[in-house]
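These notes are about the structure you will find just below.
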Amino acid sequence: MLNYDYIYRQLYPKNLKEAALYNTLTICLLLMCNNSFAQSNESGVHVSGGVMAALIVAGVVVLVLLVVLYMAFKKIKRINSRLEAQKDEIECQKNLILVKNEQITDSINYARKIQDSILVPEAKIRRWMPNMFVYYKPKDIVSGDFYWFSRYESKYVITAIDCTGHGVPGAFLSMIGNTLLHEIVNIKHVFKPDQILAMLHTGITLALNQDSEDSGSEDGMDMSLCTVDSRLNRFQFAGAKNSIYVVQGDKLKVLKANYYSVGGKSLRPGMKVEFTCYDFMYDENTSIYMFSDGYLDQYGGESNEKFNSQRFKELILANRTLPMDEQKAVITKTMEQWIGDRQQIDDFLVMGVKLAGLGRHDEPAPQQTQKAIAE
C-alpha cells in the first residue's frame with residue numbers, strides 16, 4: 001500500500017502552480033488504486049474505475065493548464081504594459097535630446113559665424129600680401145586654431161595660433177586672443193614679436209585669473225608670430241612652442257620657438273617672460289610657412305601613422321616654386337589622401353607667405369618718429 005503522507009512530505013509544493021500539479025497527481029494515484037470501482041450513468045452504461053480516473057485526471061490537467069496559461073498571460077500583459085510605458089518614456093527623452101541637440105547645434109553654428117567674422121578674409125590679406133595662402137579647416141563646427149593679420153604703414157603682423165583644445169573651449173580662448181592682439185598691435189602699436197608674445201601672455205593670465213595660486217585654469221596658446229617691414233626688407237619672428245619654416249632658394253630652415261606657451265601654467269606673473277626674437281633681412285626668394293600641430297599630428301597613410309614634420313618639410317620643398325594658391329591646393333589634396341576615411345583629430349591651420357612684393361608701393365613713406373620695430 002502506498003504511503004501518501006510520505007509522498008506529500010517529499011513533494012510538498014513550493015508555489016500555486018506546483019500545488020495544482022501535485023493535487024492532480026494525488027487524485028490520479030487515489031483513483032488508479034481502485035481499479036475495480038465502477039459507476040453507472042443514466043443510460044445504464046457501466047464505466048470502469050480506471051477509465052473514470054483517466055477522465056477526471058484529464059479534466060483536472062486541462063483546468064490546471066488553463067489556470068497556468070491565464071496567470072502567464074496576465075504576467076506577460078503586465079510586463080508588456082511596463083515595457084510600453086518605458087518605451088514611451090524613452091521616446092519622450094529621445095525627442096527632448098533631439099530638440100536640445102538641435103538648439104545647441106544652432107547656437108554653435110551661430111558662434112561659428114561670429115568666429116569667422118573676426119578672421120581677416122584671405123582675399124583682404126592678399127591685397128597686401130599677394131603671394132600667400134591660408135589652409136584652415138576646423139575639426140568641429142568652431143575652432144581652437146585661428147590666424148590674425150594686421151598692417152600699420154609698411155609693417156605687417158601675421159600669426160598662426162593654436163589655442164588649448166578645439167571646438168567650443170578653443171573658440172572661447174580664440175576670442176580672448178583676438179581681442180588682446182588688437183589692443184597690443186593696433187592700439188598700443190607694439191610690433192616686435194617677442195614683446196607682443198610677452199604682453200599677450202600677461203593679458204591671458206590676467207583675463208583667466210591665472211595669476212592666482214588657486215586658479216584651476218591651465219589654458220594657453222601655442223603660436224608663431226611674424227612682423228615684416230616691406231620698406232626695410234626686414235623680417236622678425238618669435239614663437240611659443242610653434243616653430244616656422246623659412247625657405248630661401250632650395251633650402252629650408254627651421255626657426256625654433258621657445259618651449260613654453262603663451263598663458264597657461266608654463267609661465268606665471270613674477271617669472272621672467274622672455275621669447276627669442278629672430279631678426280634678418282629677406283630677399284625675393286624668401287617664403288615662410290606657419291602652422292599649428294594639427295596637420296603634422298594627423299594619423300593616416302597605409303601604416304596609420306602621423307604625417308610628421310619630415311613629410312611636411314619634403315612637401316613644402318617639393319612644391320616651393322609653385323604659386324601660393326597652387327601650393328594650398330597641393331597641401332589640401334595631400335591631407336585628404338592621407339586621411340582617407342579616417343577622422344580628423346585636430347584643427348588644421350597652415351599659412352604660406354612669399355615675402356617679395358608686399359604692400360602697395362603708392363603708399364606714403366612711414367613717419368620716422370613712429371615707434372616702429374624695436375632694435
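The values are calculated or read from the model by the stated rules, or taken from the named source; none is laboratory data. Here the structure is a predicted model, which means the values were calculated and not measured. Don't worry about glycine lacking a Cβ; one is built from the backbone with ideal geometry, like all the others, and counts go over all protein chains shown.
Taking the conditions exactly as written (modelled with pLDDT of 90 or more and under 24 Å from Val142 (Cα atoms)), does Tyr282 satisfy them or not?
In short, no.
What about Ser303, is it within 29 Å of the chain's Cα centre (by Cα), surrounded by fewer than 21 Cβ atoms within 10 Å (Cβ to Cβ), of a type outside the set (A, V, I, L, M, F, W, C) and part of a loop (DSSP other than H, G, I, E, B)?
Yes.
Identify all residues within region 236-264 that are outside any strand (DSSP E or B) and modelled with pLDDT under 95; write none if there are none.
Gly249, Asp250, Tyr259, Tyr260, Ser261, Gly264
Please go through region 52-64 and give me each residue that is out of contact with any Leu (no Cβ under 9 Å at 6 or more places or on another chain) and either surrounded by 13 or more Cβ atoms within 10 Å (Cβ to Cβ) or modelled with pLDDT of 80 or more (or both), ordered by number.
Val60
Which pairs have Cβ atoms under 6 Å, sit 6 or more apart or on different chains, and link a residue in region 274-300 that is under 11 Å from Lys354 (Cβ atoms) to one that is modelled with pLDDT of 95 or more and of a type in the set (Ser, Thr, Tyr)?
Within 6 Å, the pairs are Tyr289/Tyr245.
Kindly check whether there is at least one residue in region 122-140 that is assigned by TED's automatic domain parsing to the domain that holds Ile331, surrounded by 11 or more Cβ atoms within 10 Å (Cβ to Cβ), closer than 21 Å to Thr164 by Cα and among the aliphatic types (A, V, I, L, M).
Within region 122-140, one or more residues are assigned by TED's automatic domain parsing to the domain that holds Ile331, surrounded by 11 or more Cβ atoms within 10 Å (Cβ to Cβ), closer than 21 Å to Thr164 by Cα and among the aliphatic types (A, V, I, L, M).
Restricting region 340-375 to residues that are at pLDDT 95 or above and among the aliphatic types (A, V, I, L, M), which is farthest from Leu322 (Cα to Cα)?
Looking at the filtered set, the residue picked out is Leu349.
Determine whether region 205-213 contains at least one residue that is surrounded by fewer than 23 Cβ atoms within 10 Å (Cβ to Cβ) and touching a Phe, Trp or Tyr at 6+ places or on another chain (Cβ under 9 Å).
Taking every residue of region 205-213 in turn, none turns out to be surrounded by fewer than 23 Cβ atoms within 10 Å (Cβ to Cβ) and touching a Phe, Trp or Tyr at 6+ places or on another chain (Cβ under 9 Å).
If I go through region 176-235 residue by residue, how many of them are under 23 Å from Lys354 (Cα atoms), of a type in the set (Ser, Thr, Tyr) and either in contact with a helix residue (DSSP H, G or I) (Cβ under 7 Å, 6 or more places away or on another chain) or assigned to a helix (DSSP H, G or I) (or both)?
1
Could you tell me which of the residues Lys94, Lys77 is of a type in the set (D, E, K, R), at pLDDT 55 or above, in a helix (DSSP H, G or I) and under 30 Å from Val168 (Cα atoms)?
The match here is Lys94.
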